[in-house]
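Notes for the one structure printed next.
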């Protein structure tokens, strides 16, 4: 794999992520409770910059060229495989969530607690997919600045939101959510 092909693989995977997300983003079910305040906007902006704007700019221009690392094709191949796994997780999470999906902190009026499919193994497979995206981005683009932005941008979203999101789910579903949390890990089965 060449650096140009690795950039094309990254851009293609990013397009597939968007194609998976778009139909779910367009569906709107009535909301019972939401947090769309300034903190949430900052978290989403950080993730969008780190996993979208900055790596796309680096992939299509030489803007961050000074931070390029020595390109290793085998790392790019691993990055392509990691991105494929991330896409599968992302698709599976959206499919299982259905009408419950929201890109912001929301509990829908008809919200159900999803505990089947990929959710039988981890509570937050979509977040796991985004962490894998950050890894794949680093391996495909092989630029230390782009890698740092991906991990930092999504880290701001994840660590700033996860406690609040789980508190909302606990408030909405009570003991049902507590039991779900006891039998699953957040991101990695049996580990975390």
Inset, instruction - Report the full-extension gain for the segment residue 5 to residue 164: residue separation times 0.36 nm, less the Cα-Cα distance, to one decimal in nm. - result: 53.3 nm
Inset, instruction - Take the Cα atoms of the stretch 51-110, build their convex hull, and give its volume per residue in Å³. - result: 111 Å³
Legend entry - Residue-averaged 222 nm ellipticity for the chain, from DSSP H runs of 4+ at -39500 (n - 2.57), nearest 500: -21500 deg cm²/dmol
Legend entry - Residues 81, 56 arranged by fewest to most Cβ contacts within 10 Å: 81, 56
Inset, instruction - Calculate, in nm to one decimal, what residue 104 and residue 16 gain on full extension: separation in residues at 0.36 nm each, minus their alpha carbon distance. - result: 29.6 nm
Inset, instruction - Quote the relative contact order of the chain in percent (integer), defining contacts as alpha-carbon pairs under 8 Å separated by 6+ residues. - result: 33 percent
Legend entry - Whole-Å distance, taken between Cα centres, linking the stretch 1-65 and the stretch 121-139: 13 Å
Inset, instruction - Based on other C-beta atoms within 10 Å, arrange 41, 7 from fewest to most. - result: 41, 7
Inset, instruction - List 39, 186, 27 from most exposed to least, where exposure is judged by having the fewest other Cβ atoms within 10 Å. - result: 27, 39, 186
Legend entry - the chain - Rg over Rh from alpha carbon coordinates, Kirkwood radius: 0.99
Inset, instruction - Report the residue, chosen from 171, 40, 96, that carries the largest GNM mean-square fluctuation when the chain is represented by alpha-carbon nodes joined by springs under 10 Å. - result: 171
Legend entry - Helix 125-141 axis, angle to the chain major axis (alpha carbon atoms, nearest 10°): 0 degrees
Legend entry - Degrees between helix 144-173 axis and first principal axis of the chain (Cα, 0 to 90, nearest 10): 10 degrees
Inset, instruction - Give the peptides 45-53, 134-142 in descending order of average Cβ contacts within 10 Å, highest first. - result: 134-142, 45-53
Legend entry - Peptides 69-77, 150-158 ordered by average Cβ neighbours within 10 Å, highest first: 150-158, 69-77
Legend entry - Stretch gain in nm, segment residue 67-residue 29, where the contour uses 0.36 nm per residue and the Cα spacing is subtracted: 9.3 nm
Legend entry - Model label zone, residue 188; criterion: amide N under 17 Å from point 7 Å along Cα-to-beta-carbon; scope the stretch 86-105: 86
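Read-outs: derived from the displayed coordinates by stated rules, not from any lab. No experiment lies behind these values; they were computed from the predicted model shown. Ideal geometry is used to build each Cβ from the backbone, glycine not excepted, and the neighbour counts take in all protein chains shown.
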